[in-house]
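Heads up, the thing below is written out as structure tokens.
The values are calculated or read from the model by the stated rules, or taken from the named source; none is laboratory data. Keep in mind the model is a prediction, meaning the values are calculated, not measured. All Cβ positions, even for glycine, are placed from backbone atoms using ideal geometry, and neighbour counts span all protein chains on display. The protein model used for the area step is the full one, side chains on, heavy atoms only, and it has no ligands, DNA or RNA in it. Shrake-Rupley method; radii C 1.70, N 1.55, O 1.52, S 1.80 Å.
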Amino acid sequence: GSGLLALVAELLDAGVILPSGKMATKKEYREAHPGSPLIGVNDDSQRRFWLAPPVVQGERGVYLSQTDVRQLQLAKGAIVAGIKTLLARSELEEDDVKKVYLAGAFGAYVDPRNLIRLGVLPAAWQDRICFAGNSSKAGAAMALLSGATRLHAEEISRKVDYFELSKCCDFEKLFVCNMSFTYE
């Protein structure tokens, strides 16, 4: 996941991928960037960027396809719609958020600049991003080893309010409006 974010951010900066998510054809790219040394730009029949073209007939090679970019856009749209829905439901503004915790393997390797560049998180949160490591494993160990910690976790769980994001009235509109690689 973190490698995909880094690659798409670089290809956006290089003009191979447009903010809309569309991959430029080789012809479009060459016209927009004459003399560019960038190799691997997709051919005109298949929207893909070659990272390692097949060397021998029958090999598959490694590439980023238009479908891969679209899947990232769908995830990005859902994340941003979720953030905006939670902020609205909590009657908070983006500036009210003091820390953003990223957890798990994804959080350990993702470059926060790529999250900002792709519009997954607002630019104002750049310096508020913290890495929490493997928080589920650490939390489970803490709860197993400490009765007080387990009681505290149970107390917090009673304060949690669950709601289905997809059933919120504006979620679908927010989802669709936030699929481009900008933060609006």
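Remark: spin-label model distance K98-S65 equals 4.7 nm, labels positioned 7 Å along the Cα→Cβ axis.
The chymotrypsin sites (Phe, Trp or Tyr not before Pro) of the stretch 130-164 meeting both criteria, a DSSP state outside H, G, I, E and B (loop) and at most 13 other C-beta atoms within 10 angstrom of the site's C-beta, are Y162, F163.
Only bridges whose two residues both fall in the chain count here: according to DSSP, what percent of them are antiparallel, nearest 5?
Values: 5 of 9 bridges.
Percent antiparallel among DSSP bridges in the chain is about 55.
Charging the Cβ of each Asp and Glu at -1 and of each Lys and Arg at +1, and nothing else, the dipole of the chain about its Cα centre rounds to 360 debye. What is the percent of Cα-Cα separations in the chain that go past 23 Å? When every Cα pair of the chain is considered, 55 percent fall beyond 23 Å. Per-residue extension of 0.36 nm, minus the Cα-Cα distance of A132 and E31, leaves a gain of 31.9 nm for this segment. Rolling a 1.4 Å probe over the protein heavy atoms of the chain, with every protein chain left in place, gives an accessible area that is 57 percent carbon and sulfur.
On full extension, the segment bounded by A124 and A52 gains 22.3 nm, given 0.36 nm per residue less the C-alpha separation. Probing with 1.4 Å while keeping every protein chain in the model, the per residue accessible area of the stretch 67-184 equals 66 Å². If R0 is 41 Å, the Cβ-Cβ spacing of S157 and L74 corresponds to a FRET efficiency of close to 0.85. May I ask you to derive the FRET efficiency for D170 and S146 from their Cβ-Cβ distance with R0 = 41 Å, giving the value to the nearest 0.05? That gives a FRET efficiency of 0.50. Quick one: which of K27/K76; K26/K84; K98/K159; K76/K159; K27/K99 span more than 32 angstrom between C-alpha atoms? Flagged as over cut-off: K26/K84; K27/K99. Other residues lying with their Cβ under 9 Å from the Cβ of A81 contribute a combined charge of 0, Lys and Arg counting +1, Asp and Glu -1.
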